[in-house]
Amino acid sequence: MRQKPFIAFLIALLVIACGVSTDAQTTQQIPINIAYIVSMPKPHTHLLEVDVEVKRPADAKPPMEELLVMPVWTPGSYLVREYARHVQDFSAKDDGGHSLKWEKINKDTWRIVTNGAHDWHASYRVYANELTVRTNELNSGHAFWNNAALLMYLDGSLKTPSTVQVLAPDVWKVATGLPILPGKKNTFRAENFDVLYDSPFEVSAFKTLSFTVQGVPHRIVIDGEGNYDPERIRRDVQKIVAAEITLMGGEIPYHDYTFILHLRSTGGGGLEHLNSTALGFPRFNFQPERNYRGFLSLVSHEFFHLWNVKRIRPDALGPFDYTKENYTKLLWVAEGITDYYATLVLRRAGLISDKEFLDAEARAIQTLQNTPGRLVMTGEEASFDAWIKYYRQDENSVNSQVDYYNKGSILGLLLDLEIRKRSNGAKSLDDVMHYLYNEFFKKDRNYTPEDFQKACELMAGASLEEFFARFVRGRDELDYDTTLAAAGLRLETTRDADGSKLEPKAFLGADTAQEGDRLMVRRVYAGSPAYEQGLNTGDQIVALNNMRSNKDFFDARIAEKHPGDLISMTIFRFDDLSTLLIKLGRSAEGPYRIVPVANATEGQRQIYRSWLGPA
Ligand SMILES: [Zn+2]
C-alpha cells in the first residue's frame, strides 16, 4: 500500500488459521461450487448487483443453515472499513426460486435458513461510489471493485475455489489478474478466497499498454485521460519490472501481470496484489519530470510488493482473517523496505541519477529527524498499531508516532549498508530478500521478526542484535554516519553545497496553512518553542506583532527574525481571541544531503558502485 508521498501500518497473534472457526473442519472434504455473477444494469445508480450460487454435490449432506460473511478489510490496507455498510437489498432463494428465511446475526454476517438445500442463491446490491484503491466505484464511466469489498464468502469455505462472471455494458471490457474460465465470456476463476480477494476488477472502455519481460505478458490498463506519454510509460514501467525481477533473482512468479491505473484530477495511491496492482495518480502530474518520478516511484513500490508482502509474507499476513484486524510487527519491513527498494530500483534501472537517489534518502532522513514521535514509538510498535494509529492520524500523530514507511525505508538503507560492510561487500539486503523468498515463500511459510533478524545476520556473517535492539525494537536515534561510511558517504545537515556553514535561523516549530482567508496552525512539533509556549493545532492566527497576517506575511516576518526574538501572536482558539508571547528558538539545519567522505577507500568505492548499480 502506498497512500502518501508524490503529492505527498505484539506479540504476533499467530493467526495461522483463518479466524473463522468452522473453516478447518468443513473445508476440504466437501467440494462446494461457489459462483458469483456481478452485474451493473444501472451504472449511474452506483449499485453493483451480486448473485452468489452455492451448490453442493448430490451425495453431500448440506447444513440446515449457512452463513455469508462480508469482509471488514482488504489486505494491504490495514484499517477495518466495514464493507458490509454498503450492502442493501439482501435476499436468498432455493434453486426452485422460493424465498429462504434469513437474518443478520452481527455487523457483517447473514444467516440463511437453507433447510439442507443442495443449491441455493443469495443476491444483494452494494453501493459503490468511492474511488480509492481499497474501495468500489461504479458510475456511467466505469466500474472498479475490490472483491473483499463486494463478494461475501461462505463461512468455512475460504479455501474453496470460486468463479466470477461479469455482466457489463457491451462497450466495456474486463481487466483482472484472475485467469479466465476457458469458453466462458467474462468469467474468471479463483483457486481460493485469498486469491479471489487479491484480484481487483476494472470494467470500462480502458486503454491498454502491453509489454513482455522474459516472454511474460504485462499490461497497463488505463482509465481516465492525462498528460502521459504512452510509449514512455510503457518503456519505463518495463524497465522497472525487469530491474526488480533481476534484483529478486530472475524468476517470474506469475503468468501475467496487470497494472490498473486510474487517472483523476486529484488523489492517488496504490494497493498491491498477487499478480496485479491498483494505482491512482493525478492525471496531469506526468509532467514535469519531478512529478513524473512520483509515478515511477509508485509503480516501483507496488510492483516490488509482489515479492515483499504478497509472497515474502510477515507472520500474520496470510492466510487472512477477514473479520478483524490481523496484527504484525513487520510492516516496517513489508512497507518500509519496499519503499527503500522502490527508489533504489529506479536508480539501478537508470531512471534516476545517483544524486537523485541520495537526495531522496536524505529527504527521508530529514523527515524522520523532524518527527518527534520517532523517540516515542518503535518501528515494530508502529507496525502493530497501524490499524488504530497510522490509518487514523490526528494532530498528535507527529508527536506520538513514527511512520513505518519512512523509518522502515531508512532502516532498509542502513541494514543494506551494514550487511555490505560486515560481509566486505560479498552480501547485501538483496540476499536477505532472496533468502526469505526461497526459505519462506517457497516452503509455504511466513516469517517472524526473529526470522528476519536471523536472515540479516546470516548475510552479514555477524550478530546484528545491537542494531535490532536499538533501532528496530528500540527508540534510539539512528546512527547515520557510521553506516553511510560503508559506501564512502556521510550525512550533511548544517552546510551549504559550497561548504559554507549555514547561519542559525529563528525556529517556531509549527506548520501553518492558508485556508481561505484564515491562517491556520496545522501541526505543532513537541519540544519546539511553539509547543512549549502554548500554540495549538487548530489555532487561527489573526495577527503577528499586532499586524494582520496571512501565510505569506507570517512566513516572511518569521524568516526575518533571529533566534531568541520575542513575537506576539494573536489567535482565535475556537471562538475566543487571545494573544501568545513566544520566544523563538534556534535552528542551524538546512536541507539534508548525503555527500561523499574525503578520501574514500577503494573498498568504500566498490561498495558504493555495487550498491547503486553501474554509473
Ligand atoms: Zn506498500
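Each value in this text was obtained by applying a stated rule to the coordinates, not by laboratory testing. Keep in mind that what you see is a predicted model, and the values were worked out from it rather than measured. All Cβ positions, glycine included, derive from the backbone under ideal geometry; neighbour counts span all protein chains shown.
Annotation: amide H of Phe507 within the under-5 Å range of Gly564, Gly585, Arg586, Ser587, sequence separation 5 or more or interchain, hydrogens built in the peptide plane.
Taken over the range 457-526, the ratio of Cα radius of gyration to 2.2 N^0.38 Å equals 1.78.
Hey, got a sec? Which GluC sites (Glu not before Pro) in the range 337-430 land in a DSSP loop and have at most 13 other Cβ atoms within 10 Å?
Numbers: sites: Glu356, Glu361, Glu380, Glu381, Glu395, Glu418; in loops: Glu395.
Sites meeting the loop and neighbour criteria: Glu395.
Going from the residue with the fewest nearby Cβ atoms within 10 Å to the one with the most, Ile37, Ile388, Ile541, Ile260 rank Ile388, Ile37, Ile541, Ile260. Legend: ranking of residues Asp315, Asp430 from fewest to most surrounding C-beta atoms inside 10 Å; resulting order Asp430, Asp315.
Over the residues of the range 477-615, compute the C-alpha Rg and express it relative to 2.2 N^0.38 Å. Mind dumping the intermediate values first?
Working: Rg = 20.7 Å, N = 139, 2.2 N^0.38 = 14.3 Å.
The range 477-615 yields a ratio of 1.44.
With a ≥ b ≥ c taken as the square roots of the eigenvalues of the C-alpha gyration tensor of the chain, please select rounded if a/c is under 1.5 and otherwise prolate if a/b is larger than b/c or oblate if it is not? Prolate. Going by a ≥ b ≥ c, the root eigenvalues of the Cα gyration tensor, does the range 179-219 fall in the rounded group (a/c under 1.5), the prolate group (a/b larger than b/c) or the oblate group? Prolate. Note on the range 331-412: Cα Rg divided by 2.2 N^0.38 Å, N the number of residues, gives 1.14.
For Leu519, the residues 5 or more places off, or on other chains, whose built amide H falls under 5 Å of its own are Ile541. Determine the sum of side-chain charges near Ile240: Lys and Arg each +1, Asp and Glu each -1, restricted to other residues whose C-beta is under 12 angstrom from that of Ile240. Within the 12 Å Cβ shell, the charges total +3.
What ranking of Glu532, Glu244, Glu602 emerges when the number of other C-beta atoms within 10 Å of each C-beta is taken as an exposure proxy, fewest first? Working shown, then result.
Values: Glu532 14, Glu244 21, Glu602 8.
Lowest count first: Glu602, Glu532, Glu244.
A Cβ-based charge dipole, computed about the Cα centre of the chain with Lys and Arg at +1 and Asp and Glu at -1, lands at about 680 debye. Once the C-beta distance of Glu602 and Leu581 is scaled by a Förster radius of 56 Å, the resulting FRET efficiency is 0.45 to the nearest 0.05. The phi-based Karplus calculation (6.51 cos²θ - 1.76 cosθ + 1.60; θ = phi - 60°) puts the 3J(HN,Hα) values of the range 248-259 at 8, x, x, 8, 9, x, 8, 8, 7, 9, 10, 9 Hz, whole numbers, x for Gly and Pro.
Positive contributions from Lys and Arg (+1) and negative ones from Asp and Glu (-1), summed over other residues with Cβ under 10 Å from the Cβ of Phe441, come out at +4.
Want the number for Ala58 to Thr208: 0.36 nm per residue separation, take away the alpha-carbon distance, what's left?
49.6 nm
Near Leu580, once Lys and Arg are set to +1 and Asp and Glu to -1 for all other residues with Cβ below 12 Å from its Cβ, the sum equals 0.
Would you mind getting me the FRET efficiency between Asp95 and Ser265? Use the beta-carbon distance for r and R0 = 45 Å, nearest 0.05. Kindly include the intermediate steps, with their values, before the conclusion.
Working: r = 47 Å, r/R0 = 1.05.
Calculated transfer efficiency: 0.45.
The calculated pair-distance distribution of the range 369-504 uses every alpha carbon pair, bins of 5 angstrom beginning at 0, and gives 2, 9, 16, 18, 17, 15, 12, 7, 3, 1, 0, 0 percent.
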